[in-house]
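A.B. asks: Handing you a structure now.
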Amino acid sequence: MADPRITIVGASLAGLRTAEAVLAELPQARIMLVGDEPHAPYNRPPLSKDSMEALAGGQAPRAEVFEKLLLRSKIMPGQIEMRLGVAAAGIESGNVRLEDGALLRSDFVVAATGIRPRRMPMQGAADRRHVLRSFDDAEALAQAMRPGAQMVVIGAGFIGCEIAATARKLGLHVTVVEPAPQPMLRALGHRVAAAMAALHRRHGVTLLTGRSVETFEAERVILDDGKALEADVIVEALGSRPNTEWLAASGADLSDGVLVDDRMQAIGAQNLLAVGDLARFANPLFDDLPRRVEHWCVPGQTAKRAAATIAARVSGGAPAPDFAPMPSFWSDQYGMRVQAFGAPALAETQTVVEGDLTQIGVAPIVVEYARGDHLVGVIGLGAPPALIARYRARLMDALCAPVTA
Amino acid sequence: MKVHVDMSICLLHGQCVIAAPEVFSFDDAGGLVWVTEIDDSQVADAEAASDACPEQAIILG
C-alpha cells in the first residue's frame, strides 16, 4: 500500500485535523476530504456567542463573520482533494458512495460526520423554529433575534444556555424550558448547575425547569402544565444525534456514534476509523466504558490518533499503546467562563475549593469533582486560567496515580 | 521559529500552556507570556498548542 487512498467524510474540525495529521505521517497518501456543507472547514463554538451577536446586530457583513471562523490549516493547495457540498450516501465494499453517485475507492475511510441537532417531533410554528449547529443555522437564527422579541429556548444544555445569554445581551425577552431540575445538570452536577440557574435568572432569563413542551401553536409554545408562552422565535436545543446513517452497511457498531477501539479503529469494520463527536471510545483515565465526547478538543486528539493508526497499518508498525486524553470543555455565558477539565459528569460529589457559589459571576470559583475517593474533574467559574491550571495539574496527578482498590 | 499570539483575539483558554508549557505560561498577574523565538525541539509542542487554541490566536512562522 505505497500510496494509500484515504477518504475522510466530514469536512469540519475533525475531518480537517485528520487530513493534516495523515499528511504529516504519510506525505504520499492520497487524501479526499468530503463535506456536506458548502463551506470550507470552520470553527463552531463562536456560533452561539460572538458570531451570533455580530450577525444579529448587523455589525459585520456575513462574509466577514465567516472569515473569522475559517479554520487555519497547514495543508497547502493541491496536497489533498476536497469535495464540498456533497454528502456520503453509503459504504459499498469498504468504499464511499456519495449522494451525487460518485464512488470513492478507499483503502481507509475516516468517519468525521459529527452530529446534528435533535428536533422535537411535534408539528407547528415551523416559521419560527430554529436549531443551531451550522453557520447557516446561526445566520437564520440571528436574523430572527431582534431586540424586544420573545424567545423561547427549549433545552438548557450548553448551547441553549449560551444562546439565552447572547439573546439577553441583544435585548430579547428569553424563557428557557428544561425538563431536568437544573440547567446543564448532567455536565455540571447539582450544586454548580443551581448556581448557573441563579446566574441566568439574575440576567433576566425566565428559567422554567421541570417543564417540557406539549405542543406548538402558530405563535405560542404550550407547556405540559398548560402554560402558553408567546414566541417570536423558538430554539430547539435538545442535544444531538450522531450522523451515522451512511455507515449502516459498514458492519460497525452504530448504537451511539461509532464504537472504536483505543486506536480509533471501528469495531466490526476493517478499514473504517471514526474521529471527533462520532467516536465512542473508552478513556482509561476514568474506566473502560466507551463514550462519545462532544468537546471541542476531541477532534484534534482523535485525529492524531487515527492518523497514527493508519500510518502504523500502512507500514506494519503499531501506534503507542495508550490513548488517555484529558477531557476539557468550556462555555462562555454573560462574560463568565465555565472551564472544565476531566469528567465532572462522572462525579458523585462536588467540593468548592475556591470562592463561594453564591458569588457566581462576581468572584472566581473552583469546584472539584470526585467519584468515591478519586478526583475525576475540576470546573472553574470565572476563575483566572492560571488558577485553574494549578487544579488541572492536581487532577492530572490524581487521574494518573495507580488506583489502589 | 517565531511565535506570535494575537492578543486581540486570545481569550485565555490556556490550552497552549497545557500543550507547550515550555513555550507558553501565565505570569504572576495571570497574563499569557510566551517565548518568541523557539528552537527545533520546541516546534512540535508549539504546533500542538497552535492547533489546540480555540481562537486560532497563535501564529508560528
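The values are calculated or read from the model by the stated rules, or taken from the named source; none is laboratory data. Quick caveat: nothing in here was measured; it's all calculated off a predicted structure. For neighbour counting, all protein chains shown are included, and Cβ atoms are generated from backbone atoms with ideal geometry for every residue, glycine included.
A.B. asks: Could you check segment A:309-373 for strands (runs of 3 or more DSSP E) lying wholly inside it with 1 or more residues that are within 15 Å of A:Ala193 (Cα to Cα) and in contact with a Gly (Cβ under 6 Å, 6 or more places away or on another chain)?
C.D. replies: Those strands (runs of 3 or more DSSP E) span A:336-342, A:349-354, A:365-371.
A.B. asks: Still on this model: Which ones in segment B:1-17 are touching a Cys at 6+ places or on another chain (Cβ under 9 Å) and within 13 Å of another protein chain (Cβ to nearest Cβ)?
C.D. replies: Residues satisfying the conditions are B:Cys10, B:His13, B:Gln15, B:Cys16.
A.B. asks: Out of segment A:293-308, which residues are out of contact with any Pro (no Cβ under 8 Å at 6 or more places or on another chain) and part of a loop (DSSP other than H, G, I, E, B)?
C.D. replies: Scanning segment A:293-308 gives a single hit, A:Glu294.
A.B. asks: Condition test on A:Met82, is it closer than 22 Å to A:Gly57 by Cα and hydrophobic (A, V, I, L, M, F, W, C)?
C.D. replies: Taking the combined requirement at face value, the residue does not satisfy it.
A.B. asks: Take the residues in segment B:31-56 that are closer than 28 Å to A:Leu47 by Cβ and touching a Pro at 6+ places or on another chain (Cβ under 9 Å); name whichever of them is nearest to the other protein chains (Cβ to nearest Cβ).
C.D. replies: The residue in question is B:Pro54.
A.B. asks: Among the residues of segment A:28-43, are any farther than 15 Å from A:Arg72 by Cβ and either free of Cβ contacts under 8 Å to residues at least 24 places away in the same chain or part of a helix (DSSP H, G or I) (or both)?
C.D. replies: No, there is no match, as no residue in segment A:28-43 is farther than 15 Å from A:Arg72 by Cβ and either free of Cβ contacts under 8 Å to residues at least 24 places away in the same chain or part of a helix (DSSP H, G or I) (or both).
A.B. asks: Within segment B:1-45, can you find the residues that are assigned to a strand (DSSP E or B), touching a residue at least 40 places away in the same chain (Cβ under 8 Å) and surrounded by 12 or more Cβ atoms within 10 Å (Cβ to Cβ)?
C.D. replies: B:Val3, B:His4, B:Val5
A.B. asks: Would you pick out the residues in segment A:7-58 that are β-branched (Val, Ile, Thr) and out of contact with any helix residue (DSSP H, G or I) (no Cβ under 6 Å at 6 or more places or on another chain)?
C.D. replies: The answer is A:Thr7, A:Val9, A:Val34.
A.B. asks: Still on this model: What are the residues in segment A:240-270 that are touching a Ser or Thr at 6+ places or on another chain (Cβ under 6 Å) and of a type in the set (Lys, Arg), if any?
C.D. replies: Answer for segment A:240-270, where residues must be touching a Ser or Thr at 6+ places or on another chain (Cβ under 6 Å) and of a type in the set (Lys, Arg): just A:Arg263.
A.B. asks: Let me ask something else about it. Condition first: surrounded by fewer than 18 Cβ atoms within 10 Å (Cβ to Cβ), aliphatic (A, V, I, L, M) and either out of contact with any Lys or Arg (no Cβ under 8 Å at 6 or more places or on another chain) or not assigned by TED's automatic domain parsing to the domain that holds A:Gly124 (or both). Can you find one or more residues in segment A:198-221 that meet it?
C.D. replies: yes
A.B. asks: Here is a follow-up. Which residue is surrounded by the fewest Cβ atoms within 10 Å (Cβ to Cβ), if the candidates are limited to segment A:380-405 and must be away from every other protein chain (no Cβ under 14 Å) and not in a helix (DSSP H, G or I)?
C.D. replies: Out of the qualifying residues, it is A:Ala405.
A.B. asks: On to the next question. Please verify whether segment B:46-54 includes one or more residues that are under 25 Å from A:Ala14 (Cβ atoms) and in a loop (DSSP other than H, G, I, E, B).
C.D. replies: Yes, some residue in segment B:46-54 is under 25 Å from A:Ala14 (Cβ atoms) and in a loop (DSSP other than H, G, I, E, B).
A.B. asks: Taking segment A:295-311, which residues are among the hydrophobic types (A, V, I, L, M, F, W, C), surrounded by fewer than 23 Cβ atoms within 10 Å (Cβ to Cβ) and within 13 Å of chain B (Cβ to nearest Cβ)?
C.D. replies: Those that are among the hydrophobic types (A, V, I, L, M, F, W, C), surrounded by fewer than 23 Cβ atoms within 10 Å (Cβ to Cβ) and within 13 Å of chain B (Cβ to nearest Cβ): A:Trp296, A:Cys297.
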